[in-house]
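J.: Dropping the structure in here first, questions after.
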Amino acid sequence: MRLRSKIHLYSSVLFAILLIVMNVSTYYMFSTLSVNNELDRAEAQTLQIANAMRQVAGEIPTQDLLRGYVPVDGMIRMIGPNGTSLAPVTSMSQQDLSKQKAVYDTTKRVQVIDDLDQRYVIVSIPVIWSDGEVMNIQVTESMQSTMDTLQVLRVVLIVVTCIALIPVLFSIRLLSRVIMKPISAMTLTMKEIRRSGHFKRLELQGQSKDELMEMGMTFNDMIQLLENNYKKQEQFVANASHELKTPLTIIESYANLLRRRGLDRPELFNESIEAIHSEAIRMKEMTEQLLLLAKHKEQWNISMETLNLSEVAMGSAKAFRNAYGREIHVDGQQEVYGYSDEKKLKQLLFILLDNAQKYSDDDIVIEVGSLEGEGYIRIVDHGIGIANDKLPFVFDRFYRVDEARNRQAGGVGLGLSLAVEIAEAIGVRIELHSVEGEGTTAEIWIPREVFKIS
Ligand code: ADP
């Protein structure tokens, strides 16, 4: 069964049961109350008649007395201890009641009976008569008017239940449609994505912040995530196959050369091995960077904290000095703090330091300081620099200012694009200033925690 039909069916049945239970209990309470009222009234009336009859007993013939007190819709009679009944007096409409068997009661009796297709209340009261005998004064009265009222009530309640169910059924239908609409739209979008192979988003209308809207927004976020991942992987495959082609071709051609002439010309051997080795290292480096770029930021395990930027800079400089044997000076303030992820910030510094060492020969300087609520780490080199017109492109993937020159230096054009991704993930900003032939300054701007919270 479809979800919409289920919602419809369950809610309708539940509401119908609720309505029926409510109306049945209303009817039950009302009918009990009416019958009890009728009994009380009949009892009070019979007592009154018994008192009045006893006072004039002996003065007026009993038969006349009975005739005087006969109820409008019933019968009155007197029954003696041996079951003898004076001729019962009935109203015009209830003459058949006189055929009822006379039963003598020693105590007061108030009873409801069904007889002659009708419901009656019988009140029997023992009284001491003028001759000293205990007689029963028995009044039988029809409850037809009460029964008629209850019948009308029954019909009214049934009609009201049926009428009330109509708008309820409509509103439940409307409700199930409102609930189902975004779900159906989502299913449709998913099917469309599967059919076309393109990522699509739900069109979210209205400003409401309800769960359905939230579900739609979550769905769109999820699709965005999937699309990003998909694009990244697509890009990875395209970039990798494109960029790995050159080193693989170089390796292949040197390997061919070695195979054909390696034995005749041993001087080729060193050159070929050297080229194959350096291309293999380039490929390894490129693959590592590509893999990192292909990873989604959510998988980077970023952990933000307040960092002493001078300590981070000094730690990176030391590690870099040991690895590359290049002199790096750290200048500036000692107590500069920033809010970021230590590991990723160091990775960022490594990328910028790596560029500085690749494209310069002089000492490299790291400056640490703060300005207008932000901390900064500057990496200054006095190397070849970047031409002004090339500067805007250096953050693009695989962009190299000078292909030939970079191939020698070992760059693959991925360092700065990776740096931008890292910067975005850890909430810092990168700026690059350069003068061709004079050198380059790469700046990392790190917000302070207080700044971030406000
Ligand atoms: P690569 O791995 O080739 O260095 P990057 O993305 O790190 O790739 O840099 C892109 C290009 O920007 C480099 O190829 C280089 O030409 C230029 N570049 C980056 N940093 C510097 C620098 N400090 N000095 C001179 N040129 C630089």
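The values are calculated or read from the model by the stated rules, or taken from the named source; none is laboratory data. What you see is a predicted model, and the numbers here were worked out from it, not measured in a lab. Cβ sites come from the backbone with ideal geometry, for glycine too, and all protein chains shown count toward neighbours. Surface areas here come from the heavy atoms of the whole protein model, side chains and all, with no ligands, DNA or RNA. Shrake-Rupley method; radii C 1.70, N 1.55, O 1.52, S 1.80 Å.
J.: For residue 269, all conditions in the list (1) within 18 Å of residue 415 (Cα to Cα); (2) open to solvent by 40 Å² or more (accessible area, probe 1.4 Å) hold save one; what is the number of the exception?
T.: Going through (1) within 18 Å of residue 415 (Cα to Cα); (2) open to solvent by 40 Å² or more (accessible area, probe 1.4 Å) one by one, residue 269 breaks only (1).
J.: If residue 82 satisfies every condition in (1) within 19 Å of residue 122 (Cβ to Cβ); (2) in a loop (DSSP other than H, G, I, E, B) but one, which is the exception?
T.: (1)
J.: Related question: State which residue is nearest to residue 3 (Cα to Cα) when the search covers only the stretch 175-231 and only residues that are touching a residue at least 40 places away in the same chain (Cβ under 8 Å) and more than 15 Å from the chain's Cα centre (by Cα).
T.: Result: 176.
J.: Let me ask something else. Quick check: is even one residue across the stretch 355-370 more than 13 Å from the ligand (Cβ to nearest atom), among the polar types (S, T, N, Q) and more than 16 Å from residue 433 (Cα to Cα)?
T.: yes
J.: Please verify whether residue 319 is open to solvent by less than 50 Å² (accessible area, probe 1.4 Å), among the small types (Gly, Ala, Ser) and closer than 22 Å to residue 383 by Cβ, treating the condition exactly as stated.
T.: yes
J.: Can you tell me which condition residue 303 does not meet? The list is (1) touching a residue at least 12 places away in the same chain (Cβ under 8 Å); (2) assigned to a helix (DSSP H, G or I), and all the others hold.
T.: (2)
J.: Any chance you could count how many residues in the stretch 198-221 are modelled with pLDDT under 85 and either open to solvent by 50 Å² or more (accessible area, probe 1.4 Å) or outside any helix (DSSP H, G or I) (or both)?
T.: Result for the stretch 198-221: 10.
J.: Can you pull out every residue in the stretch 102-121 that is basic (Lys, Arg) and assigned to a loop (DSSP other than H, G, I, E, B)?
T.: Matches in the stretch 102-121: 108 only.
J.: Restricting the stretch 26-52 to residues that are farther than 22 Å from residue 166 by Cβ and within 51 Å of the chain's Cα centre (by Cα), which is surrounded by the most Cβ atoms within 10 Å (Cβ to Cβ)?
T.: Result: 31.
J.: Are any residues in the stretch 101-121 in contact with an Asp or Glu (Cβ under 8 Å, 6 or more places away or on another chain) and crowded, with 17+ Cβ neighbours inside 10 Å, and if so, which ones?
T.: Scanning the stretch 101-121 gives 120, 121.
J.: Now for a separate question. Kindly provide the set of residues from the stretch 99-150 that are in contact with a strand residue (DSSP E or B) (Cβ under 7 Å, 6 or more places away or on another chain), in contact (Cβ under 8 Å) with a residue 24 or more places away in the chain and among the β-branched types (Val, Ile, Thr), ordered by number.
T.: Residues satisfying the conditions are 106, 110, 112, 121, 123, 125, 127, 128, 134, 137, 139, 140.
J.: Could you count how many residues in the stretch 371-383 are in contact with a helix residue (DSSP H, G or I) (Cβ under 6 Å, 6 or more places away or on another chain) and small (Gly, Ala, Ser)?
T.: Of the residues in that region, 2 qualify.
J.: Right, residue 386: in contact with a helix residue (DSSP H, G or I) (Cβ under 9 Å, 6 or more places away or on another chain) and either within 16 Å of the ligand (Cβ to nearest atom) or of a type in the set (Lys, Arg) (or both) or not?
T.: When the stated conditions are applied, residue 386 does not pass them.
J.: Same structure, new question: Given (1) open to solvent by 80 Å² or more (accessible area, probe 1.4 Å); (2) of a type in the set (A, V, I, L, M, F, W, C); (3) more than 30 Å from residue 427 (Cβ to Cβ), where does residue 276 come up short, assuming only one miss?
T.: (1)
J.: Here's something else I'd like to know. Among the residues of the stretch 401-408, are any polar (S, T, N, Q), more than 16 Å from the ligand (Cβ to nearest atom), more than 53 Å from the chain's Cα centre (by Cα) and surrounded by fewer than 16 Cβ atoms within 10 Å (Cβ to Cβ)?
T.: No, the conditions are met nowhere in the stretch 401-408.
J.: Take the stretch 85-100 and flag every residue that is outside any strand (DSSP E or B) and either crowded, with 16+ Cβ neighbours inside 10 Å or not charged (D, E, K, R) (or both).
T.: 86, 87, 88, 91, 92, 93, 94, 95, 97, 98, 100
J.: Continuing with the same structure: For the subset of the stretch 166-182 comprising residues that are out of contact with any His (no Cβ under 9 Å at 6 or more places or on another chain) and open to solvent by less than 50 Å² (accessible area, probe 1.4 Å), which member is farthest from residue 11 (Cα to Cα)?
T.: Step by step, filter the stretch 166-182, then rank; the result is 182.
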